[in-house]
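Here's the structure we're looking at; comments come further down.
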Amino acid sequence: MALLEVRHLVKEFPRRRGLFRAAAGIRAVDDVTFSVEEGETFGLVGESGSGKTTIGRCILRLIEPTSGEVRFRAEDVLSFSRARMREARREMQIVFQDPYSSLNPRMRAGDIVEEPLIIHKAGRKAVRVERVAELFSLVGLDPAQRARYPHQFSGGQRQRIGLARALALNPSFVIADEPVSALDVSVQAQVVNLLMELQERLNLTYLFIAHDLRLVRQICSRVAVMYRGRIVELGGTESLFEAPAHPYTQALLSAIPVPDPAATRQRIMLDEEAFDTGAALREVEAGHWAAI
Amino acid sequence: MPLLSVQGLTTGFLTAGQFVPAVIDVSFALDKGETLCLVGESGSGKSLTALSIMRLIEPPGRIEHGRIVFKGRDLLQLPEREMQPVRGAEIALVFQEPMTALNPVFTVGDQIEETLRVHGRATRRTARDRAVELLEAVRVPEPGRRLREYPHQLSGGLRQRALIAMALACDPEVVIADEPTTALDVTIQAQILDLLRDLQARLGLALLLVTHDLGVVAEMADRVAVMYAGRIVEESPVGPLFSDPKHPYTRGLLASIPGLVPGRRLKAIPGTVPAPGTLPQGCCFTPRCPSRFEPCPSAHPGITDFGGGRTVKCYLHGRAVEPATAPPGPPPHGPVPQPCPEQA
């Protein structure tokens with residue numbers, strides 16, 4: 001059974017049209033359905049404004065979806081009380097994109113990682129301190145640096161702190177929202193390797209939100225491509241990259257710069273007239289769906 | 001003679017009375033109609049090199065020495081009033097972040113027309129027509145309407161096109177583009193790269209493209225200079241750089257590109273780029289280098305020339321040591337110029 005199921009998820013943001021006129025909503029997420037299996041890395045890709053980050057936040061109820069269903073281990077997350085939701089967040093954690101703004105600059109690194117343990121009343125001070133040291137080592141940081149402030153760490157190290165914080169309560173499911181896009185290429189590779197290694201060691205399930213298609217291809221088992229709030233294509237990574245069925249996916253993949261000067265490039269331009277934006281997903285191949 | 005040549009450029013910052021170099025003894029040449037990519041990670045000095053060419057280094061930054069020879073004249077020796085007509089008109093700069101590079105309180109048209117008028121390329125009367133032409137050249141749909149709009153009314157891709165139009169306003173011979181597509185989505189990036197390539201071919205521009213993305217390098221470059229911790233550590237025509245990288249850092253960067261062997265771990269370079277002022281002794285890459293051996297920590301390697309435009313600074317390939325003092329060049333002239341308000 002799937003660890004996470006998202007069904008017909010909708011998020012509308014109100015848009016004010018003049019002071020007294022009724023608000024007409026913007027559908028940031030429009031009828032999105034997918035499921036994430038235990039132990040897999042499911043990629044959610046799309047360009048800015050496609051709604052991928054909003055989906056991640058709706059799943060954790062950091063923002064409330066307008067309608068739809070989110071099930072985690074078959075339980076209906078959207079019906080949880082505040083207390084039950086807080087409990088559920090032990091299991092479901094998030095790593096944010098920007099390691100510069102997602103860490104409190106006035107807190108020491110050790111305290112940042114310890115905070116979830118305090119909030120969730122996980123043990124006495126001595127136990128927590130030991131756990132923080134363990135988490136530092138787990139993500140490749142020197143526990144001796146726990147008294148430093150975020151600005152004393154490099155971008156890659158800061159993202160490791162964010163990861164240690166997310167892993168503090170032993171979650172089974174981690175939403176990684178563009179976890180390496182603010183990092184340099186060589187550092188990015190280190191953090192990607194760390195994510196893959198932690199997944200194996202801790203049996204984590206990832207929802208990996210990204211705009212970098214090369215990265216998604218590297219680490220995801222399955223991928224959903226978002227376009228204007230909808231999933232236009234969903235399938236196994238290799239199947240989707242080798243034989244993209246939706247015109248948007250085709251355009252997107254053809255736009256990736258290939259690191260080979262001898263490669264022949266054929267740019268496919270997106271023609272929005274060429275497809276029906278409201279089309280339903282249909283199976284084009286076993287486990288590979290496209291809205292065509 | 002190349003159109004633009006940078007010789008022994010050293011730029012850095014005065015911190016607590018001490019000069020901390022961030023660009024160290026950088027030399028390269030750029031010919032008409034050619035694209036040279038400066039590639040490196042953050043802190044490698046690639047943007048600072050670009051700004052040095054434009055003489056847009058503000059205190060506490062300082063160009064310590066070197067020569068920037070453009071059409072036979074050393075730009076670093078020019079008085080500011082002679083530099084002004086070069087900057088923006090003969091050598092133009094396209095910035096990374098199109099939202100911050102445009103002034104939010106003036107329309108796009110005002111800003112393009114200002115460039116034209118400042119450099120005496122148009123009068124108040126002719127500027128509008130020329131601005132329309134320029135937006136057409138960078139394929140902005142409905143240029144007449146767009147000129148009357150403010151930067152926030154344009155998408156990221158259109159803003160970047162408007163910036164490129166401004167850069168082209170005075171028919172420059174050299175365009176320096178500093179990460180022109182980094183803030184853009186991949187489909188928009190592809191359009192901007194296609195546009196730059198097309199404009200370059202049509203106008204015979206010399207393009208200096210600063211980027212961290214080796215995919216962009218592979219698509220755009222004729223030649224590549226790889227920067228690490230302030231120095232150019234490898235220079236090569238684009239083909240050989242990808243097929244036979246010489247410097248361990250270049251090899252590491254290529255191995256760090258995701259998506260080529262799905263599912264596997266990447267061959268990451270351990271450690272991080274050293275900050276200016278904390279450079280290790282000897283070759284700056286030593287602490288992260290998988291191939292380091294006994295000479296590496298002693299002195300920084302000098303240039304080994306493979307011929308065919310291929311050079312590398314690495315003891316794996318030769319025993320040349322970097323000269324202790326930078327090549328002689330008269331000290332730069334005059335006060336440090338202030339950037340135009342739009343560019344600040």
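The values are calculated or read from the model by the stated rules, or taken from the named source; none is laboratory data. Everything numeric in this text was worked out from a predicted model, so none of it was measured. Glycine also receives a Cβ, built like all others from the backbone with ideal geometry; neighbour counts cover every protein chain displayed.
Residue-wise test of (1) surrounded by 14 or more Cβ atoms within 10 Å (Cβ to Cβ); (2) at pLDDT 95 or above.
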residue: B:Gly259; (1), (2): yes, no
residue: B:Ala299; (1), (2): yes, no
residue: B:Val312; (1), (2): yes, yes
residue: B:Arg319; (1), (2): no, no
residue: B:Gly334; (1), (2): yes, no
residue: B:Cys340; (1), (2): yes, no
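Scanning the range B:27-54 for residues that are over 12 Å from the mean Cα position of the chain (by Cα) and either on the phi < 0 side of the Ramachandran plot or modelled with pLDDT of 95 or more (or both) yields a count of 7. Go over the candidates A:Gln93, A:Gln97 one by one and state the one that is within 24 Å of A:Gly229 (Cβ to Cβ), in contact (Cβ under 8 Å) with a residue 12 or more places away in the chain and crowded, with 19+ Cβ neighbours inside 10 Å. Checking each option against the conditions leaves just A:Gln97.
Any residue in the range B:94-114 that is part of a strand (DSSP E or B), out of contact with any Ser or Thr (no Cβ under 6 Å at 6 or more places or on another chain) and surrounded by 19 or more Cβ atoms within 10 Å (Cβ to Cβ)? The answer is yes; a qualifying residue exists.
Collect the residues in the range A:154-182 that are surrounded by 23 or more Cβ atoms within 10 Å (Cβ to Cβ) and in a loop (DSSP other than H, G, I, E, B), keeping them in residue-number order. Matches in the range A:154-182: A:Ala168, A:Pro179, A:Val180. Screening the range A:245-280 for residues that are surrounded by 19 or more Cβ atoms within 10 Å (Cβ to Cβ) and touching a residue at least 40 places away in the same chain (Cβ under 8 Å) and picking the one that is farthest from the other protein chains (Cβ to nearest Cβ) gives A:Ala245.
Tell me, please, whether a residue that is within 26 Å of B:Leu203 (Cβ to Cβ), without any contact (Cβ under 8 Å) to a residue 40 or more places away in the chain and not acidic (Asp, Glu) can be found in the range B:57-76. Looking for residues that are within 26 Å of B:Leu203 (Cβ to Cβ), without any contact (Cβ under 8 Å) to a residue 40 or more places away in the chain and not acidic (Asp, Glu), one finds at least one in the range B:57-76, hence yes. In the set B:Ala177, B:Ala162, B:Ala183, B:Ala167, only one residue is among the hydrophobic types (A, V, I, L, M, F, W, C), within 30 Å of A:Leu183 (Cα to Cα) and out of contact with any Leu (no Cβ under 9 Å at 6 or more places or on another chain); that residue is B:Ala183. Listed by position, the helices (runs of 4 or more DSSP H) inside the range B:197-271 whose residues that are within 11 Å of chain A (Cβ to nearest Cβ) and either free of Cβ contacts under 8 Å to residues at least 40 places away in the same chain or closer than 19 Å to B:Arg292 by Cβ (or both) number at least 3 are B:238-243, B:248-255. The single condition among (1) under 30 Å from A:Ala182 (Cα atoms); (2) touching a Lys or Arg at 6+ places or on another chain (Cβ under 8 Å); (3) without any contact (Cβ under 8 Å) to a residue 40 or more places away in the chain; (4) hydrophobic (A, V, I, L, M, F, W, C) that B:Leu48 does not satisfy is (2).
Residue pairs whose Cβ atoms lie under 6 Å apart, separated by 6 or more positions or on different chains, with the first residue in the range B:92-119 and touching a residue at least 24 places away in the same chain (Cβ under 8 Å) and the second hydroxyl-bearing (Ser, Thr, Tyr) and assigned to a loop (DSSP other than H, G, I, E, B), are B:Gln96/B:Thr182; B:Thr107/B:Tyr150. Beta carbons closer than 7 Å, at least 6 apart along the sequence or on distinct chains, pair a first residue in the range A:128-147 that is on the phi < 0 side of the Ramachandran plot with a second that is among the acidic types (Asp, Glu) and crowded, with 19+ Cβ neighbours inside 10 Å for A:Arg128/A:Glu114; A:Val132/A:Glu114. Within the range A:209-244, the set of residues being polar (S, T, N, Q), in contact (Cβ under 8 Å) with a residue 40 or more places away in the chain and either away from chain B (no Cβ under 11 Å) or surrounded by 24 or more Cβ atoms within 10 Å (Cβ to Cβ) (or both) comprises just one member, A:Ser239.
Within the option set B:Leu208, B:Leu203, being at pLDDT 90 or above and under 29 Å from B:Tyr228 (Cβ atoms) holds for one residue only, B:Leu208.
Does B:Thr278 satisfy the condition of being β-branched (Val, Ile, Thr), more than 8 Å from chain A (Cβ to nearest Cβ) and either assigned to a loop (DSSP other than H, G, I, E, B) or on the phi > 0 side of the Ramachandran plot (or both)? Spelling it out, B:Thr278 is indeed β-branched (Val, Ile, Thr), more than 8 Å from chain A (Cβ to nearest Cβ) and either assigned to a loop (DSSP other than H, G, I, E, B) or on the phi > 0 side of the Ramachandran plot (or both). Put simply, of A:Leu204, A:Leu195 the only residue that is within 19 Å of B:Ser256 (Cα to Cα) and either within 10 Å of chain B (Cβ to nearest Cβ) or surrounded by fewer than 24 Cβ atoms within 10 Å (Cβ to Cβ) (or both) is A:Leu195.
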